[in-house]
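A quick write-up on the structure given underneath.
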Amino acid sequence: MICKYAVMDLPDDLALPLRSGADWWYWLGGRPSLDFVNTRRERWWRDVETLVSPSDLGLWLVRAQLVPATPKVTRALLHAARDLREAIDAEVRAHLAGTPASPAAVAVVDAWLPDAVLPDRLAPAPDGRPALTSGTPADPARFAVGLVARDAAELLGTAQRDRLRVCASQTCSARFYDRSASGRRRWCSMQGCGNVAKARRHRARAADGTDA
């Protein structure tokens, strides 16, 4: 079972580059596309890549519940998936900044959408009559990455984009989808960054002698 509330901050003495990033994934984005963007950690400081190898990407797709079993991932697909991740993030940042999205970034996401479509199949059912069903992907890994792109397209191409957020913590760059009723959520996780910020405010008040 995935630990949803993983430690946000990476250790200061973390050996970089990582041999594998699986220990440092977290699942607080609220959408597959944002969890995918969050595989690039500490964009504001050390810029830590956690999709280090093809096997990392395959395992991430399983843990994101986009495929039932670890698919075969080529190094070319890994690089293409990273490009998709950065295109999604470029659109996220453009929206949050109130600027037009880069046509190049939009084109990258759009190019992946056909990979998220399964062909229909007409095949005999157990009773002998034909049944229309969805086929299986020829390339499960590419199909799963296509599903990430599809989620990003639904998020960025509709009013859902107004719920996009970046964690307010100065030591966290997590992107997340705000599902709160008020639409005013500030932290990727109240159990993580929210509690850390609360503790920092408490210490600051105590140091100032203003804490009752």
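Can you give the angle from 0 to 90° between the axis of helix 75-97 and the longest principal axis of the chain, with both taken from C-alpha atoms, to the nearest 10? The answer is roughly 50 degrees. Calculate log10 I(q)/I(0) of the stretch 84-165 for q = 0.17, 0.22, 0.27 Å⁻¹, where I(q) comes from the Debye formula with a single equal point scatterer on each Cα and nothing for solvent. Treating every Cα as an identical point scatterer, log10 I(q)/I(0) equals -0.70, -0.96, -1.22. Summed over qualifying helices (DSSP H, 4 residues or more, each -39500 (n - 2.57)) and divided by its residue number, the chain shows a 222 nm mean residue ellipticity of -12000 deg cm²/dmol.
Per residue, the chain exposes 56 Å² of accessible surface when a 1.4 Å probe is rolled over the protein heavy atoms with every protein chain present.
Spread over its residues, the convex hull of the C-alpha atoms of the chain is 177 Å³ per residue. Simple point charges give the picture: +1 on the Cβ of Lys and Arg, -1 on the Cβ of Asp and Glu, and for the chain a dipole about the Cα centre of about 580 debye. The accessible surface of the chain, taken with every protein chain in place and a 1.4 Å probe, is 55 percent carbon and sulfur. Relative to the compact-globule estimate of 2.2 N^0.38 Å, the Cα radius of gyration of the stretch 107-149 comes out at 1.49. Does anyone have the angle between helix 195-208 and the longest principal axis of the chain? Alpha-carbon axes, 0 to 90°, nearest 10? In the chain, helix 195-208 runs at an angle near 10 degrees to the longest axis. If you take the alpha carbon atoms of the stretch 1-124 and fit the smallest convex hull around them, that volume is 150 Å³ per residue. Helix 140-156 and the long axis of the chain differ in direction by around 60°, with both axes built from C-alpha atoms.
Once the C-beta distance of residue 161 and residue 121 is scaled by a Förster radius of 25 Å, the resulting FRET efficiency is 0.15 to the nearest 0.05.
What is the packing order of peptides 28-40, 96-108, taking the mean over residues of other C-beta atoms within 10 Å and listing the highest first?
28-40, 96-108
The values are calculated or read from the model by the stated rules, or taken from the named source; none is laboratory data. Because the structure is predicted, anything quoted here is derived from the model rather than measured. No Cβ is skipped: glycine too gets one built from the backbone with ideal geometry, and neighbour counts run over all protein chains shown. Only protein heavy atoms, including side chains, enter the accessible area calculation; ligands, DNA and RNA are left aside. Shrake-Rupley method; radii C 1.70, N 1.55, O 1.52, S 1.80 Å.
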